[in-house]
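Asker: Pasting in a structure now, in C-alpha cells, and then I'll have a few things to ask.
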Amino acid sequence: MRVSNKINPNLIFNVVNQTAYSYINLQSLKEETFGDKEILNTILELFVEGIDEYLATIEKELPTKNWQPLFQETHKIKPNIAMFGIASLVDPILELETCFRKEMHLEKIDDLVELVVQNLIHVKKEIQFELNVMSHG
C-alpha cells in the first residue's frame, strides 16, 4: 500500500475541527454554521474585533471608573462568551457585568477584570490560530 505525499485540505479542517482548545469550544458554532467555512470565518473575525473593542474600553474607562460604558461593553460581549463555549468566562463575565451595572462590589472588579482580560487574550490567540488554519485549508 502506497501512502500519498499530498495532504487533503479537508482532512486538515476535519482534524482541526476535532482539536481541543484550552479556552474556546467551537463545536456548537461549527454545527450552527453547518460547517460553512466562510460564515465561520466571518463570525470568528467579528469576535476578534469585539475582543479588541472590549479590551480598549477596559483600558480607557476602568482607570476613571466610568461604569456605564464598562457595563455596556461587558453586556455586549456576554453572548459571545456562550457562543464560543468559553466556559472559564461565563461566571466571571456575569459577575463583572453586575458589578458595573449596579456599581456594587467594586472591590472585586480589579481581580475580575484581570481574569477576564487574561482569558480573552488567550481566546483571541486560539481564534487567530483557527483562522490561520482555516485560511490554509
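The values are calculated or read from the model by the stated rules, or taken from the named source; none is laboratory data. Because the structure is predicted, anything quoted here is derived from the model rather than measured. Quick reminder, even Gly has a Cβ in these numbers, built from the backbone with ideal geometry, and neighbours come from all protein chains shown.
Asker: Does the range 45-62 contain any residue that is touching a residue at least 12 places away in the same chain (Cβ under 8 Å) and not in a helix (DSSP H, G or I)?
Answerer: Looking through the range 45-62, at least one residue is touching a residue at least 12 places away in the same chain (Cβ under 8 Å) and not in a helix (DSSP H, G or I).
Asker: Something else: Of everything in the range 29-42, what is within 17 Å of residue 79 (Cβ to Cβ) and in contact with a Phe, Trp or Tyr (Cβ under 9 Å, 6 or more places away or on another chain)? Give them in sequence order.
Answerer: Listed by number, the list holds a single entry, 29.
Asker: If residue 20 satisfies all but one of (1) assigned to a helix (DSSP H, G or I); (2) within 17 Å of residue 130 (Cβ to Cβ), what's the number of the condition it fails?
Answerer: Looking at each condition in turn, residue 20 falls short on (1).
Asker: Could I ask something else about it? Being in a helix (DSSP H, G or I), at pLDDT 95 or above and surrounded by fewer than 18 Cβ atoms within 10 Å (Cβ to Cβ) is the filter here; which residues of the range 95-106 pass it?
Answerer: Listed by number, the residues that qualify are 95, 98, 101, 102.
Asker: Looking only at the range 52-88, filter to residues that are crowded, with 17+ Cβ neighbours inside 10 Å and of a type in the set (Asp, Glu); which one of those is nearest to residue 101 (Cα to Cα)?
Answerer: 73
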